[in-house]
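Chemist: I have a structure I would like to understand better, so I am pasting it below and will then ask my questions one at a time.
The values are calculated or read from the model by the stated rules, or taken from the named source; none is laboratory data. Here the structure is a predicted model, which is why all the values come from computation and not from measurement. Here the Cβ positions follow ideal geometry from the backbone for every residue, glycine too, while neighbour counts run over all protein chains shown. Surface areas here come from the heavy atoms of the whole protein model, side chains and all, with no ligands, DNA or RNA. Shrake-Rupley method; radii C 1.70, N 1.55, O 1.52, S 1.80 Å.
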Amino acid sequence: MSMEAASASLPASPPAPVVRERRTRRRRLGRLKPYLYLLPALLSIGYWIYRPLIQTFRLSLYQWNLLPTSPQVYVGTQNFERLFHLPEIGKALLNTLIYTVGVMPFSLLIPLVIAISTDNIAPKARNLYRALIFVPMIMAPVAVSSVWRWIMHPTNGILNKTLDSAFHLSEPIRYFTDEHLAIWSITFITGWKLIGFSTLIFSAAMTGINKEYLEAARMDQANRWQIIRHVILPLLSPSILFMAMLSTLFASEWSFTYINVLTQGGPLSATTNIYYLLWTYGFKSFSVGWSSAAAVVVFVGFGIIAWGFMKLNRKLSFFDD
């Protein structure tokens, strides 16, 4: 067979524009591949998070009693106007602030002391203490509430019996029915459960600190307090600000279960916070519009606080680069 006949029998190669178009198409598909992998997660987040969020914003403009057969009446911004004129909203906002500030020692100060003071212990003992101190965090909040209700029972609780044997109390301390003590009791339980999580965060951050900085400070004759103040705390600043932000944003939310189980917002609304209030509007009085309006206020308010923390984190955090 001649060369001309052989070349004629071979399939003709596609023209150059077609080849370039195929390559461009492959590149586009290659760029889309990561997004195709992310698509199930994005759809799940959109359905379970952003869809309810959009519904909450919409329902804040309507009056509805949560029954599928009842109509949703558009009222505009009346829900927000009524919300800020309700007498209990001021008390709930004040209690929210008390929960936020009251939890800070348990989420920042005590875990920092524990993490720094136990950093030099043996690895096996360190892992054991971390496991033990983290146990409260993995316990169910309802179970924790039941345990603390038994411990702090006014007549049969072990705490009052111990205090009575030591100080001879004239009358039992009513931790959950005294309007002056109830909010601090709930704050203490919330903070106690949070200590393990915060300690684990700070202990992990301590592990990541370059020990050469500590050795250099010791060679410069720095004492223990100077090392903590000028070396350890600046290097822990990203973790400290992170836990401060979490505590500020979620302290009242974390206390919701203990309020619901132990006090139901009482006595005399002494333990009601903004999260419990919006739940009460939505699922007790069936005022879905008020509940959604309160949720929108919480979302916007804490969103601004989170934005402020992000700005503060860029200015105050020290990173070991």
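Chemist: Quick check on my link table: of 284/311; 91/315; 193/284; 124/315; 193/315, which ones sit more than 32 Å apart, alpha carbon to alpha carbon?
Modeler: Details: 284/311 39 Å; 91/315 34 Å; 193/284 28 Å; 124/315 37 Å; 193/315 30 Å.
Result: 284/311; 91/315; 124/315 exceed 32 Å.
Chemist: Within the chain, which complete DSSP H helices have Cα atoms spanning at least 20 Å along the helix axis and a mean Kyte-Doolittle hydropathy of -1.0 or higher? Don't skip to the answer; put the middle values down first.
Modeler: On the way: long enough: 16-45 (44 Å, -0.32); 87-104 (28 Å, 0.92); 123-138 (22 Å, 0.51); 182-207 (38 Å, 1.31); 237-254 (24 Å, 1.06); 288-316 (41 Å, 1.18).
Result, helices passing both filters: 16-45, 87-104, 123-138, 182-207, 237-254, 288-316.
Chemist: Now for a different question. Determine the share of the chain's accessible area contributed by carbon and sulfur atoms, expressed in whole percent, with a 1.4 angstrom probe. Before the final figure, lay out the partial values.
Modeler: Details: 13510 of 20100 Å².
About 67 percent, which is the carbon plus sulfur part of the accessible surface.
Chemist: With every protein chain left in place, what is the accessible area per residue of the chain in square angstrom, probe 1.4 Å? List each step's numbers first, then the result.
Modeler: Numbers: 20100 Å² over 321 residues.
Heavy-atom SASA per residue in the chain reads 63 Å².
Chemist: In what sequence, highest mean first, do 118-125, 159-166 appear when ranked by Cβ atoms within 10 angstrom? Mind dumping the intermediate values first?
Modeler: On the way: 118-125: 10.5, 159-166: 13.1.
Highest mean packing first, the order is 159-166, 118-125.
Chemist: Sort 207-220, 187-200, 31-44, 52-65 by the packing proxy (mean of other Cβ within 10 Å over each peptide's residues), most packed first. Don't skip to the answer; put the middle values down first.
Modeler: Details: 207-220: 11.8, 187-200: 21.7, 31-44: 9.7, 52-65: 15.6.
Going from most to least packed, we get 187-200, 52-65, 207-220, 31-44.
Chemist: Of the labelled options (i) 51, 37, 19; (ii) 38, 36, 18; (iii) 36, 21, 18, which one gives semi-axes √(5λ) of the Cα gyration tensor in Å as computed for this structure?
Modeler: So the structure-derived entry is (i).
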